Amino acid sequence: MDGRNAIIFGATGGIGAAIADALEATHRVHRLSRRTEPAIEFTDEASIAAAAATLPDASLMIDCTGALHDDEFRPEKSWKHLSAEQFARQFAINATGPALLMKHFLPKLPRDEPSVFATLSARVGSIGDNGFGGWYSYRASKAALNQIVRTAAIELQRKWKQAALVAIHPGTVDTALSAPFAKQGLTVRPPEEAARDILAVLEGLDASENGSFIAYDGERLPW
Ligand SMILES: NC(=O)c1ccc[n+]([C@@H]2O[C@H](COP(=O)([O-])OP(=O)(O)OC[C@H]3O[C@@H](n4cnc5c(N)ncnc54)[C@H](OP(=O)(O)O)[C@@H]3O)[C@@H](O)[C@H]2O)c1
């Protein structure tokens, strides 16, 4: 993957910034978020299309966007806390936004060389692995993201024979997203360590892994 273009979506986030920094030594890194130029805002598809038109093709793209909570919403502990607004917001950022990134950026993967598009999902998006409950809208939006990855991987394989589109669980990492839970005693890893692990997993990928759901330590996760 050395010396090539890499595009990092969500490069202002905890994990995205660490991945972008780690790639600087080997890649021409293009960082995108709502706070970059060009900017991408998931509720404005035109901003994604415009960024795709501006940036070069790249053999490595890593989507590190996502949301778990904001000023208004916290993950739901019970069905008593469910709201249509929270579901809509979680799906917009964790599922629809990444799907629109795939729409506009998967065509920018080269067809004549190995390439990777990875999106950061979460183990809690696994239906098979759900033993704790709670976090309804986040879990559901990540399960939707996983299904989008699987579906787009099938379409990708028809024309991009050397590409791998994968969902990655980054582990529990010390970022703004995990901060409220770290305060409650959750063990978190530094973003730099997560970046190293994720990049090691991506380095080892080939097209036979297209459409997989993989953890930062290489474990293959159930859907
Ligand atoms: N941290 C963990 O423990 C953990 C665990 C499991 C899975 N994950 C997953 O890993 C990914 C990265 O998480 P993180 O911890 O690094 O989160 P973070 O620090 O909160 O970063 C989130 C990123 O998403 C971008 N973003 C948010 N809303 C957006 C929108 N409407 N349009 C475009 N971009 C938007 C933010 O960019 P701007 O605000 O600058 O636009 C930021 O770059 C997420 O998908 C998360 O679900 C994290």
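Assorted remarks:
- Accessible surface of the chain, 1.4 Å probe, proportion on carbon and sulfur as whole %: 53 percent
- In sequence order, region 201-213 has phi-based couplings of 5, 5, 4, x, 7, 9, 4, 5, 9, 3, x, 9, 10 Hz under the Karplus curve 6.51 cos²θ - 1.76 cosθ + 1.60, θ = phi - 60°, and Gly or Pro positions carry x.
- Considering only the chain, percent of DSSP beta bridges that pair antiparallel, nearest 5: 10 percent
- In this simple spin-label model, placing a label point 7 Å from the Cα along the Cα-to-Cβ direction at both Thr187 and Ala46 gives a separation of 4.9 nm.
- Nearby aspartates and glutamates by direct alpha-carbon distance to Lys159 (threshold 20 angstrom, same-chain neighbours under 8 apart not counted): Asp57, Asp112, Glu113, Asp206, Glu209
- Backbone HN-Hα couplings from phi across region 114-124 [Karplus 6.51/-1.76/1.60, Hz, Gly and Pro as x]: x, 8, 9, 10, 10, 10, 7, 9, 7, 4, 5
- Of all lysines in the structure, those lying under 25 Å Cα to Cα from Lys77, and not within fewer than 8 positions of it along the same chain, are Lys142, Lys183.
- Accessible surface, region 1-71, averaged per residue in Å² (probe 1.4 Å): 44 Å²
- Per-peptide packing, taken as the mean over residues of other Cβ atoms within 10 Å, places 149-162, 9-22, 190-203 in the sequence 9-22, 190-203, 149-162 from highest down.
- Near the amide H of Ile168, within less than 5 Å, lie the amide hydrogens of Thr119, Leu120, Ser121, Ile214, all on another chain or at least 5 residues away, with H placed in the peptide plane.
- Taking a ≥ b ≥ c as the square roots of the eigenvalues of the Cα gyration tensor, region 59-200 is classed as prolate, since a/c reaches at least 1.5 and a/b is larger than b/c.
- Overall form of region 117-222 per C-alpha gyration tensor (a/c, 1.5; a/b vs b/c): oblate
- Rounded Å value of the spacing that divides the Cα centres of region 159-223 and region 123-138: 16 Å
The values are calculated or read from the model by the stated rules, or taken from the named source; none is laboratory data. Keep in mind it's a predicted model, so treat the numbers as computed, not measured. Positions of Cβ are generated from backbone atoms using ideal geometry, with glycine treated the same way; all protein chains shown enter the neighbour counts. Accessible surface is based on the protein model in full, side chains and every heavy atom, while ligands, DNA and RNA are left aside. Shrake-Rupley method; radii C 1.70, N 1.55, O 1.52, S 1.80 Å.
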